[in-house]
1. Could we say that residue A:150 is within 14 Å of another protein chain (Cβ to nearest Cβ), part of a helix (DSSP H, G or I) and crowded, with 24+ Cβ neighbours inside 10 Å here?
2. Would you mind telling me which numbered condition in (1) surrounded by fewer than 20 Cβ atoms within 10 Å (Cβ to Cβ); (2) among the acidic types (Asp, Glu); (3) within 14 Å of chain B (Cβ to nearest Cβ) residue A:489 fails?
3. In region B:87-109, is there at least one residue being surrounded by 14 or more Cβ atoms within 10 Å (Cβ to Cβ), under 19 Å from the mean Cα position of the chain (by Cα) and polar (S, T, N, Q)?
4. Of everything in region A:542-575, what is hydrophobic (A, V, I, L, M, F, W, C) and within 12 Å of chain B (Cβ to nearest Cβ)? Give them in sequence order.
5. Could you please let me know if residue A:316 is in a loop (DSSP other than H, G, I, E, B) and either in contact with a Leu (Cβ under 9 Å, 6 or more places away or on another chain) or buried (at least 16 other Cβ atoms within 10 Å of the Cβ) (or both)?
6. Check off (1) surrounded by 24 or more Cβ atoms within 10 Å (Cβ to Cβ); (2) more than 11 Å from chain B (Cβ to nearest Cβ) for residue A:281 and give me the number that stays unchecked.
7. With in a helix (DSSP H, G or I) and loosely packed, with under 13 Cβ neighbours inside 10 Å as the only criterion, which of A:47, A:60 stands out?
8. Which members of region A:284-308 meet the condition of being touching a Gly at 6+ places or on another chain (Cβ under 7 Å) and surrounded by fewer than 24 Cβ atoms within 10 Å (Cβ to Cβ)?
Amino acid sequence: MSLTTFIFGRLSWALLPQNPIAWFGSLFFLSCALAVPLLITKFHYWKPFWNNWLTSLDPKRIGVMYITVAVLMLVRGGIDALLMRTQQATSVGASQGIVTAEHFQQIFSAHGSIMIFFVAMGMLFGLINLVVPLQIGARDVAFPFLNSVSFWLFAAGAVLINCALVIGDFSTAGWLAYPPLSELAYSPTVGVDYWIWALQISGIGSLLGGINFFVTILKMRCKGMTLMKMPMFSWTVLGATWLTAIAFPILTVTLTLLALDRTFGMHFFTAGGGGNMMMYVNLIWAWGHPEVYILVLPAFGVFSEVVPVFSGKKLAGYTSMVYSVIAIVFLSFLVWLHHFFTMGAGADVNAFFGIMTAVIAIPTGVKIFNWLFTMYKGKIRFATPMLWFMGFVVLFTLGGVAGVVMSEPVADYQLHNGLFLVAHFHTMIVSGVLFGYFAGLTYWFPKIFGFSLDEKLGRRAFWLWLFGFILAFGPLYILGLMGATRRIDHYSATLGYQPWFIIAACGAVLIAFGFITQLQQLYVSIKNRHALRDKTGDPWNGRTLEWTIPSPAPFYNFSVEPEVHSRDAFWASKLHNKADVAIRQTSAVAEAVEAEDIVLPRNAWQGLFIGGFAFLFGFGFVWHLWWLVLVGLIGAVTCLLTRVFTDDEKLERVIPAEEVARIEESYRHGHASYSTA
Amino acid sequence: MDTNTTTREHEPLTIHHTSIAEQDLKKDQTTFFGFWIYLMTDLLLFASLFAVYGVLRANTFGGPSGADIFSAPFVLTETLILLTSSFTMGLTMMAARANRKPLVLAALAATGLLGLSFVSLELSEFIKLIAAGHGPQQSAFLSAYFTLVGTHGLHVMIGLAWLLALGISIGVRGLTRPNMRKLLLFSMFWHFLDLVWIFLFTLVYLWGIL
């Protein structure tokens with residue numbers, strides 16, 4: 001090995017972007033990356049940024065950071081989507097569209113990977129961080145430092161996957177990188193390595209986050225909150241983190257084995273050497289199918305909170321909801337083979353997995369009916385979160401039925417690898433997962449920031465998303481039935497696909513406007529934050545513990561520890577006290593009971609640095625910069641050791657009772673704002 | 001709905017107070033439970049590797065099979081060393097409960113030395129195989145073998161680094177409450193590696209030799 005190869009590995013100037021669109025992507029990413037530190041310097045915000053954000057162990061802060069990264073990644077994935085829609089609408093007959101076939105393959109691979117791993121997972125863990133401790137009456141998560149490490153690993157993966165815009169190329173092997181295409185023989189560039197290491201690093205973050213919240217929910221619930229008194233959102237998160245803890249180790253192994261094949265010439269999935277590529281497909285879907293339920297269960301949970309509150313009724317069939325979550329957790333491990341019925345596993349195997357796939361629709365159906373029964377004879381308020389639910393329930397049911405159609409192996413042989421499938425899973429992920437998270441973000445926003453989001457713009461965004469979605473994905477169902485396969489970069493004009501693709505492109509533009517409207521909504525709401533201020537801490541007439549405390553939630557969450565005796569504990573208190581004052585920690589109770597000393601973890605810089613070193617580690621592996629791999633490894637371990645060798649007492653701080661009383665007092669007089677919370 | 005009755009379903013919120021001692025106890029219990037969950041995820045990681053090995057073990061692609069390269073006395077020696085280290089780890093915990101710091105350090109050192117000799121034996125076996133041309137690149141079977149056994153070896157090495165850090169911490173600060181907690185976590189980790197090795201011994205070596 002020459003010295004140059006040792007220092008620079010596979011890096012070379014020739015690998016900088018080669019065409020205008022790639023240049024644009026590269027510059028866009030670099031300017032975003034540069035803008036953040038410049039803006040912070042301009043506004044002299046470094047110190048609060050360091051103390052309140054980068055080193056914070058407060059799950060509410062970490063949650064906001066998760067969602068910020070996820071929204072940025074949604075911009076990236078969304079631009080990819082617009083490029084794909086433009087390409088497929090224009091690349092017909094003599095026209096070759098706007099990008100080359102090779103570039104198109106990179107775009108769809110990046111789009112899928114980013115949307116699942118960095119948008120959906122980011123919003124998921126963001127919401128979990130924001131809501132779960134508040135909802136179970138806890139002041140913190142089980143392992144606050146681990147939570148910070150999880151986030152920074154996620155962020156490191158997000159940066160790494162975007163590095164492909166600047167130097168080298170991205171994988172062309174689709175979002176799950178099936179071998180043998182993803183093996184070195186057929187993908188010799190760094191693209192697949194970027195994919196592997198970005199997912200590996202963020203995936204380990206997700207695994208640690210999953211363990212953390214699984215333990216948090218099982219061990220940190222406030223007194224009196226038995227599992228069957230736990231709010232539904234927390235139940236679905238319990239299910240999702242349970243699945244995370246079981247499924248993500250399989251992903252870790254699968255990615256490692258692919259990396260060993262590519263980097264060290266092993267033969268797990270290669271075409272030669274005795275490798276077995278179908279084993280990869282089995283392994284990746286043994287993780288991948290539970291992953292779908294990891295994403296969607298908490299969205300179900302959001303709706304299980306939103307529908308009762310905005311219908312003014314308790315959730316119908318709580319017990320059946322709980323058991324359907326558990327049923328989904330188990331069944332989601334018994335359906336993975338339906339992703340490759342065409343592999344030729346034989347009629348009996350296909351029949352088993354086909355039946356299991358149809359069966360998993362039953363617990364989901366139970367949920368749909370329960371939400372509808374909750375609404376029945378309720379006093380429904382059509383606020384934005386409820387609108388997201390209404391859009392969800394129609395589209396998700398239709399998309400679910402399309403899924404049951406494909407659960408028939410016979411039908412699947414026709415529909416496999418076609419646009420019908422693409423339309424189906426986008427219905428599940430967009431109108432299921434994303435609409436759910438949007439509803440949740442709107443619903444819990446005032447609790448985190450102390451003011452509500454603008455309703456008018458929220459509604460407008462919803463309608464744009466809804467119609468945009470129908471226009472963008474309705475045509476794909478039809479195209480799928482016409483025989484259009486997924487991932488085509490060019491087709492003949494005689495096939496008659498083009499009109500449908502043009503409609504789909506229009507839908508994508510509408511969705512883009514929906515997203516822009518959401519940004520506008522955020523901007524307008526921040527501007528009008530005084531008018532939109534949540535003075536009561538309970539803007540929606542809520543039922544669960546998070547609404548008993550003031551908004552924005554103070555950093556210690558609960559000044560006194562709640563003890564619950566029923567489901568919907570806050571609602572029960574409201575009924576009991578009749579008057580609207582209910583049990584409000586800021587008012588009657590806090591005055592009657594003396595505030596107590598609260599022990600919370602101190603800030604930690606190590607999480608940020610571990611994320612940084614993990615990035616170097618991944619980047620080193622992608623480019624074969626072995627010295628950088630070593631730097632990343634040693635750096636991360638050193639960060640951990642500094643933490644291990646710090647005395648326990650120095651990791652914690654005590655907020656004296658007087659300080660708590662003073663903060664609660666400032667809430668009573670309406671002086672508290674997000675910066676003090 | 002009747003709002004006047006205070007049946008169990010409509011009982012209002014009350015206030016609870018947890019003492020510092022209770023909080024500390026709860027924190028320890030949470031840590032142990034969390035570590036158990038982590039160990040289960042690690043076990044699933046090994047389970048996936050075992051499954052991969054099971055699929056690929058016959059794919060020797062013209063290279064040697066397990067029967068050709070495994071030596072029963074050698075693996076038995078490795079196994080006995082690791083089992084003994086589990087025993088000394090048990091002694092460490094007993095000494096820690098009896099609050100005898102020198103004994104704790106001695107038993108911990110014995111555990112570390114046994115672990116080190118286990119890793120050395122494993123590495124020497126790997127080096128011998130690679131030198132004979134039977135590296136992980138030769139066939140799918142060897143890829144799976146090296147990865148499965150190597151992952152276990154890597155865990156042992158991480159355990160050894162942890163053991164060293166823990167030994168220093170106990171040497172400097174004594175058997176404090178945090179150190180006792182960390183010692184118990186380490187002991188769980190060490191026994192876990194032993195358990196995984198039993199499966200490795202059976203499913204890789206015995207099945208390969210027989």
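1. Values: within 14 Å of another protein chain (Cβ to nearest Cβ): yes; part of a helix (DSSP H, G or I): yes; crowded, with 24+ Cβ neighbours inside 10 Å: yes.
Taking the combined requirement at face value, the residue satisfies it.
2. Of (1) surrounded by fewer than 20 Cβ atoms within 10 Å (Cβ to Cβ); (2) among the acidic types (Asp, Glu); (3) within 14 Å of chain B (Cβ to nearest Cβ), only one is false for residue A:489: (3).
3. yes
4. A:545, A:547, A:549, A:558, A:560, A:564, A:569, A:570, A:571, A:572, A:575
5. Values: in a loop (DSSP other than H, G, I, E, B): yes; either in contact with a Leu (Cβ under 9 Å, 6 or more places away or on another chain) or buried (at least 16 other Cβ atoms within 10 Å of the Cβ) (or both): yes.
So residue A:316 passes the test.
6. It is condition (1) that residue A:281 fails.
7. Details: A:60 fails: loosely packed, with under 13 Cβ neighbours inside 10 Å.
That would be A:47, the only listed residue that is in a helix (DSSP H, G or I) and loosely packed, with under 13 Cβ neighbours inside 10 Å.
8. Hit for region A:284-308 is A:296, nothing else.
The values are calculated or read from the model by the stated rules, or taken from the named source; none is laboratory data. Just so it is clear, the structure is predicted and the values come from calculations on it, not from any experiment. Quick reminder, even Gly has a Cβ in these numbers, built from the backbone with ideal geometry, and neighbours come from all protein chains shown.
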